[in-house]
Amino acid sequence: MNKLLKKISELKNPYFDLQAEIGITKHMGGFEATRELIDLCHIGKNKHILDVGCSVGRTMCSIAKRYNCRVIGVDISERMIERAKERSKREGVKNRVGFLIADVQSLPFEKDLFNAVISESVTAFPDNKQKAISDYVRVTKPGGYVGLNEVTWIKTEPPEELVECLYKAAGGIKPETSDGWKELLEGAGLKDIMVKPYKITMIKQFINEVRQIRFADISKAWYRLLNLYIISHAYRKAIKEMIIDTRNMPKRKIMFKYWGYGIYVGRK
Ligand SMILES: C[S@@+](CC[C@H](N)C(=O)[O-])C[C@H]1O[C@@H](n2cnc3c(N)ncnc32)[C@H](O)[C@@H]1O
């Protein structure tokens, strides 16, 4: 049966299922933030890297290509991993990458394996963030780095309404303040923790997203979205619900007053 003809009840998380189908995911700060994360995690030639929540594989393939690293990508979504595999073939790095479907709260690796573990806009989703970060640390080599780019409350107390709307509209996200993220890294036993929170404007985030995702990927995504809307009842319903959730969010300008992103890096 055509995979797209799923029932709405078969969509595990419509927000991510839709992103996986259209082949686009994103994180705040775009490539600039990814470059900073790579630098702070000392990712260089021939290292062994884990990208948790790799989704469609953009960051992992670019690290494999640019630094000749061996990169493993983990994601909870089978469809995201399929997209990441397709990308690794397109980008000519399939011999340097590997993939696993797994939950970041329980990584299927032995301890002390990777030079660096990175996660971009992923660790704000699991129920037990401390368990997830502690597992990132477990699989990192002594002296290696764990680095996150995560959605961050810039003001300590966002209105409850905003917290709820964001949770509903963005796949169950639960951001932390920068102190909250720092405590989680400390709780996992990391040392020399760096905390770099960034405020972001709506315009800047829009430019980041356009620069981060190539034109070819954007046009393919629009084509896939239209196709899904036409042929799949489940996705049509999910898209309509997402539009309603987004419309119900407090004005975007207000949201950007409260939230931004942060880069958090520690050494094992
Ligand atoms: C917002 S996307 C960001 C993806 C990518 N890192 C990027 O920067 O474009 C979040 C990704 O995390 C994955 N994810 C969410 N919760 C997860 C979990 N508990 N375990 C593994 N992956 C998870 C989703 O399937 C999705 O691919």
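What the table below lists for this structure:
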quantity: Close pairs from segment 139-165: first without any contact (Cβ under 8 Å) to a residue 24 or more places away in the chain, partner surrounded by fewer than 19 Cβ atoms within 10 Å (Cβ to Cβ), Cβ under 6 Å, at least 6 apart; calculated: Thr156/Thr177
quantity: Neighbours by Cβ (under 7 Å, 6+ apart or cross-chain): first from segment 211-228, under 18 Å from Glu91 (Cβ atoms); second aliphatic (A, V, I, L, M) and part of a helix (DSSP H, G or I); calculated: Ala221/Ile22
quantity: Top-ranked residue of segment 142-168 - restricted to ones that are of a type in the set (A, V, I, L, M) and crowded, with 19+ Cβ neighbours inside 10 Å, ranked as farthest from the chain's Cα centre (by Cα); calculated: Ile154
quantity: Residues of segment 105-131 that turn out to be within 12 Å of the ligand (Cβ to nearest atom) and closer than 20 Å to Met28 by Cα, as a count; calculated: 10
quantity: Residue in segment 83-104 that is surrounded by the most Cβ atoms within 10 Å (Cβ to Cβ), counting only those that are farther than 21 Å from Val139 by Cβ and within 12 Å of the ligand (Cβ to nearest atom); calculated: Arg83
quantity: Segment 113-141 - residue that is in contact with a helix residue (DSSP H, G or I) (Cβ under 8 Å, 6 or more places away or on another chain) and surrounded by fewer than 24 Cβ atoms within 10 Å (Cβ to Cβ) and, of those, farthest from Lys191 (Cα to Cα); calculated: Pro126
quantity: Some residue of segment 36-55 being farther than 28 Å from Lys199 by Cα, part of a helix (DSSP H, G or I) and either under 15 Å from the mean Cα position of the chain (by Cα) or acidic (Asp, Glu) (or both); calculated: no
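Laboratory data are not the source of any read-out in this text; all were calculated from the coordinates shown. Here the structure is a predicted model, which means the values were calculated and not measured. As a convention, Cβ positions derive from the backbone with ideal geometry for all residues, glycine included, and neighbour counts pool all protein chains shown.
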